[in-house]
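Inspection log for the structure reproduced underneath, given as structure tokens.
The values are calculated or read from the model by the stated rules, or taken from the named source; none is laboratory data. Treat the numbers as computed from the prediction; the structure is a model and nothing was measured. So basically every Cβ, Gly included, is an ideal-geometry build from the backbone, and we count neighbours across all protein chains shown.
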Amino acid sequence: MTRLDRIAEHMARKAAKSTSRRSFLAKLGFGAAAASLPLLPVRRGRAETIQGPQPQEKGNPESCDYWRYCAIDGYLCSCCGGSTSSCPPGTEPSPITWVGTCRNPADGREYVISYNDCCGKSSCGRCVCTRNERDTPIYAPSTSNDLDWCLGTQVGAVYNCSLAVVLGAAE
């Protein structure tokens, strides 16, 4: 046997003694799961209002009972110096969102709502609203409202309030 063969055999035996098949498979599975995170169905980008006719509005945007807030969790930007679709001054919307489908009582149609967290200032502290209609557990993050969505902002990961932007009619 050559010297290179002995070194390779020694390293292989040492690795076999210190690593079980289960731990190897666990590390392999963890690596595969971590590599697939960017493939999860999360809407990335700025929330933009729908083009074309806007839905009829009915209700008070500073109340938890407002139709757009069916899946919101947090402080309402409409109570914090912003609106249902714009952040208060000094904050910026998160580039990733969670989505929900809410029924508009004015026209009886379902609309897809994008919920963005506004980030950059400390929590507003007014008009807290927790509605979990059709909320999913954290392992389905695109429709979970229990996460801090302020990651990826220029102003930092400090949460201020949440928007409810109509993306379009649900088909």
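Values for this structure:
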| read-out | value |
| --- | --- |
| In segment 153-171, residue modelled with the lowest pLDDT [restricted to those that are aliphatic (A, V, I, L, M) and part of a loop (DSSP other than H, G, I, E, B)] | Val155 |
| Qualifying positions in segment 34-62 - more than 21 Å from Trp149 (Cβ to Cβ) and either assigned by TED's automatic domain parsing to the domain that holds Thr101 or at pLDDT below 90 (or both) | Ala35, Gln51, Gly52, Pro53, Gln54, Pro55, Gln56, Glu57, Lys58, Gly59 |
| Segment 80-104 - residue that is β-branched (Val, Ile, Thr) and modelled with pLDDT of 85 or more and, of those, surrounded by the most Cβ atoms within 10 Å (Cβ to Cβ) | Thr91 |
| Residues located in segment 63-95, provided they are in a strand (DSSP E or B) and either outside the structural domain of Val165 (by TED's automatic domain parsing) or in contact with a Leu (Cβ under 7 Å, 6 or more places away or on another chain) (or both) | Pro93 |
| Identity of the residue in segment 113-146, surrounded by 14 or more Cβ atoms within 10 Å (Cβ to Cβ), over 15 Å from the mean Cα position of the chain (by Cα) and more than 21 Å from Gly90 (Cα to Cα), that ends up modelled with the lowest pLDDT | Arg131 |
